[in-house]
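Notes follow the structure.
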Amino acid sequence: EALRDDRKRLGISFNVFTDLVDELFYAQHPQLQNRSLDADPKANQFRAEWNALAETVLKKLETLSQEARSNLGRYDRASYSGWLTEANQLEVSGRSLSALTDIRFGYLFPQQRQPLNPRKFGQVWYAIAHDQVSAFRDKSALRRVNAQPFNDHNTLKPGQGKVYVLQVNQGQTLKVSLKAPDRATRLFIFPPQEAPPLLQDSANQSWSAKVNKTGSYELVIASQTTESISYQLFVKSGI
């Protein structure tokens, strides 16, 4: 009853919720796949384990926005295409959106591996993408660098990330320096026009190179720790 009340309070569909918990439970106990846990008095231990998993899933889903939770079960590729269009209008590429969504999802459900079932944990991935675009919109996860050199001191919660968008001209040397706890962050550098990443999912905290395209570059910083961290970012480009 407590699980039911919490699920309803969070606005999560019963079917979606039970599908998520079942997927986690039966991955741990595949031998129980075709066995009912409701009628068998010998299954008390497994019912207790299912309930414990359910409580954990609810706590993790509670970190999503109310709107994102209430639409679990109704997301599809068209939903994502709409968010991607909005992100692009904010000068954020699909690569940045996907990277931050993957990182947040991986923090919440590290045992799940791609490809995700679009009707089960894929729904959670979509919900995270929805909230990520909202964070771009309200600028909590997006900052445009209008002048360089640029220095920013900020914090990240576990699984959280931020995108910095800056203009760099062809032939300039782009220098990026990040001060953060060792191995606490992941850094991406995406050039314009879908060119290959300059840096991909790296634990490095400094990078420098001459760029060969003029346009909008995205620096993506994300936390990979279980605690909030502080960081300082320094960016400079020039001849």
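The values are calculated or read from the model by the stated rules, or taken from the named source; none is laboratory data. This one's a predicted model, so the numbers in the text were calculated from it and none came from an experiment. Heads up, the Cβs are rebuilt from the backbone with ideal geometry, glycines too, and the neighbour counts pull from every protein chain shown. To get the accessible areas, we keep the full protein, side chains included, count just its heavy atoms, and leave off ligands, DNA and RNA. Shrake-Rupley method; radii C 1.70, N 1.55, O 1.52, S 1.80 Å.
Out of the residues in region 76-101 that are closer than 16 Å to Q193 by Cβ and among the charged types (D, E, K, R), state the one that is least open to solvent (accessible area, probe 1.4 Å). So the residue we want is R95.
Q167 - would you say it is over 20 Å from D102 (Cβ atoms), open to solvent by less than 70 Å² (accessible area, probe 1.4 Å) and of a type in the set (S, T, N, Q)? Even if it seems obvious, please write down each step before you answer.
On the way: over 20 Å from D102 (Cβ atoms): yes; open to solvent by less than 70 Å² (accessible area, probe 1.4 Å): no; of a type in the set (S, T, N, Q): yes.
No: the conditions fail for Q167.
Which count do you get for residues in region 102-129 that are closer than 20 Å to T63 by Cβ and either of a type in the set (S, T, Y) or open to solvent by 20 Å² or more (accessible area, probe 1.4 Å) (or both)?
Qualifying residue count, region 102-129: 11.
Taking (1) out of contact with any strand residue (DSSP E or B) (no Cβ under 6 Å at 6 or more places or on another chain); (2) on the phi > 0 side of the Ramachandran plot; (3) surrounded by fewer than 18 Cβ atoms within 10 Å (Cβ to Cβ); (4) not hydrophobic (A, V, I, L, M, F, W, C) in turn, D201 satisfies each apart from (1). Looking for something open to solvent by 50 Å² or more (accessible area, probe 1.4 Å) and of a type in the set (A, V, I, L, M, F, W, C) - is there at least one such residue anywhere in region 218-234? Yes, that holds for at least one residue. Looking across region 130-157, the residues that are in a loop (DSSP other than H, G, I, E, B), at pLDDT 95 or above and open to solvent by 20 Å² or more (accessible area, probe 1.4 Å) come down to D138, K139, S140, P149, K157.
In contact (Cβ under 8 Å) with a residue 40 or more places away in the chain and loosely packed, with under 15 Cβ neighbours inside 10 Å: is that true of E62 in this structure? Judged against the criteria, E62 is a match.
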